[in-house]
Structures are given as C-alpha cells and as structure tokens.
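Below is one structure, written out as structure tokens, with a few remarks after it.
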Amino acid sequence: MKLNGTSSNTPSNSVPLNGQTHANDHKNGHSVDCHCSDELIDEMGDAHGATSIDTPMRPDAFALDDDFKIDLIEEHFREIMNILGLDLTDDSLKGSPRRVAKMYVKEVFSGLNPANKPEPTLFENKFRYNEMLVEKDITVQTYCEHHFVPIIGKAHVAYISSGKVIGLSKLNRIVEYFCKRPQVQERLTVQIADELKRVLETDDVAVIVDAKHLCVSTRGVRDLNSSTITSSYSGKFDEEATRQELLRYVTQSSVTI
C-alpha cells in the first residue's frame, strides 16, 4: 500500500490480498458476524433506500492511491472469476481483472474522489435574464449500490438566477460527477440539487431524474418496461405555477439536429 509516500504490503482494512478468508469466519456459507438472512438482504436491496444524503464512505477512503487500488481490485476480481470457474488463461478473459479494476477506479466510480469534483465558474448575469433556465435530457449513467449494475436514464435540471449564471456544460459535469459512484436514485437526485444550490448561490433549483434500473430489468422481477422518476424542488420551484411551467418544458418534444 502506498500511504503518504510509504509502501506497505497490507491495505488499511486488512483484507487478505489472496482473496481467502479464515475458515472460522464462515459457517454454512454465511458470515458468523452477519445477522441478516439472504431474504432480508435481498429485500433491503430491492427497496432502493438510501441511508443518508452523503455517499457512505470510510474515513480512510483515500489512504490508498489509485494505482494501488487498481492492483488490489485486479487481484480480488481475478479471484471472483476463478470462483465462477472461468478460464483466465483464455486470451479473451486474462486481461479482464485489470480492465475491470481500471474501469472502477478511473471511470465509473471516479466520482467518489472529491479531487475529481468540478468547480464551475459563475458569471455576472449581464443579460438580466430572470426566468428559469432548463437543461433537459442530461445523460445519467450510474451504478446501483445494491447490486452494482447500471442505472441509465436522463436528468432535467433548472434554476432561476440570483444574479449569477453558469456555463451550460457545467450543469452536465455536475450531474456526471455524482453519477460516477455507487448510487440510489433518490440520493443522486438530492446530491445534484444540493450541489447546484451551493454553486449557483440560490435555492431556486429543480432536479428531475427519470431512469431505468438494470437491477430491476435483468434480475429479480425482470421488468423491462418500468422506469423510476425522482425529483427535488426548492425555492420558487415549490410554487405550483413555476413547477408546472418546468414540467411543460420537460415533457415537450426536444429539438433534433
């Protein structure tokens, strides 16, 4: 482990690098310190409830540097593939553990690291535009934290200027940042809204997320057609007329190019 420039052979949470656990840690296929049955675990996973607005993170989440995290994940994912019975000498599979590790750390979960958080610059609202601004159909690609499979959809964000404006692409960047971490949709919606309020220096913010959950469509009930909609309204968007105006914009046909 690389910790403050010092190398160590053991990660801070003391997870065995060979993927093995002690024999007395398990009994009849279950951890002895876990009092949840498989049924309860499945029920909690299907509930899609978030325990807090903040993504659950350990205090030492960034004690390991990214390269060492990739090395560890590669070894553990190789063990998972071995347990599944896959032949890692096959040309198609032998690079998969490294590819998955790099994807987790550098791409799909890069939003866990606050160093990757966008810091948009605000500009004076010289046009004195005082109506709502809506950025609709922003791509949402995140991962369900209960099953680690994708949630795919779109977000619509809106704000009313308090005297400052933001570059349009920065709205997309904020959504993207909070998508790049294990999520539940309710938390994702609130995190985007809270960050927009902080950055834009206004409570007049609305966020709507409409997404399909692959943990619903590819496992469990296997419903291919349903989607989930979550929303966060604050400030002037709590007013019925303002909210209805936003919903008209969001539901009308988008411009095609």
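What ranking, highest mean first, results for peptides 180-187, 53-60 when packing means the other Cβ atoms within 10 Å averaged over each residue? Before the final figure, lay out each step's value.
On the way: 180-187: 20.6, 53-60: 11.1.
Descending mean neighbour count gives 180-187, 53-60.
Could you list the square roots of 5 times each eigenvalue of the Cα gyration tensor of the range 74-187, that is, the equivalent ellipsoid semi-axes, sorted largest first and rounded to whole Å? Provide the component values of the computation, followed by the final result.
On the way: eigenvalues 319, 38, 22 Å².
For the range 74-187, the semi-axes come out at 40, 14, 10 Å.
Using a 1.4 Å probe and ignoring any ligands, DNA or RNA, find the accessible area of Tyr233 and quote it in Å² to the nearest 10.
Here the accessible area works out near 50 Å².
Over the range 82-131, with every protein chain in place, what whole percent of the accessible area is carbon and sulfur at 1.4 Å, could you tell me?
Details: 1960 of 3770 Å².
Its accessible area is 52 percent carbon and sulfur atoms.
Leaving out ligands, DNA and RNA, what percent of the accessible area of the range 216-257 is carbon and sulfur, probe 1.4 Å? Don't skip to the answer; put the middle values down first.
On the way: 1580 of 3200 Å².
That share works out to 49 percent.
Provide the net charge surrounding Ile138, with neighbours chosen by a C-beta distance below 9 Å and charges set as Lys +1, Arg +1, Asp -1, Glu -1. It would help to have the intermediate numbers written out before the result.
On the way: positive: Lys136, Lys154; negative: Glu135, Asp137, Glu176.
My count for the surroundings of Ile138 gives -1.
Along its three principal axes, how long is the range 127-244 when you only count alpha carbons? Whole Å, largest extent first please.
The Cα atoms of the range 127-244 stretch 50, 27, 18 Å along their principal axes.
The values are calculated or read from the model by the stated rules, or taken from the named source; none is laboratory data. Since the model is a prediction, treat every value here as computed from it, not as a measurement. Methodologically, a virtual Cβ is constructed for each residue, glycine included, from the backbone with ideal geometry; neighbour enumeration extends over all protein chains shown. Side chains are part of the model used for accessible areas, which takes the heavy atoms of the whole protein and leaves out ligands, DNA and RNA. Shrake-Rupley method; radii C 1.70, N 1.55, O 1.52, S 1.80 Å.
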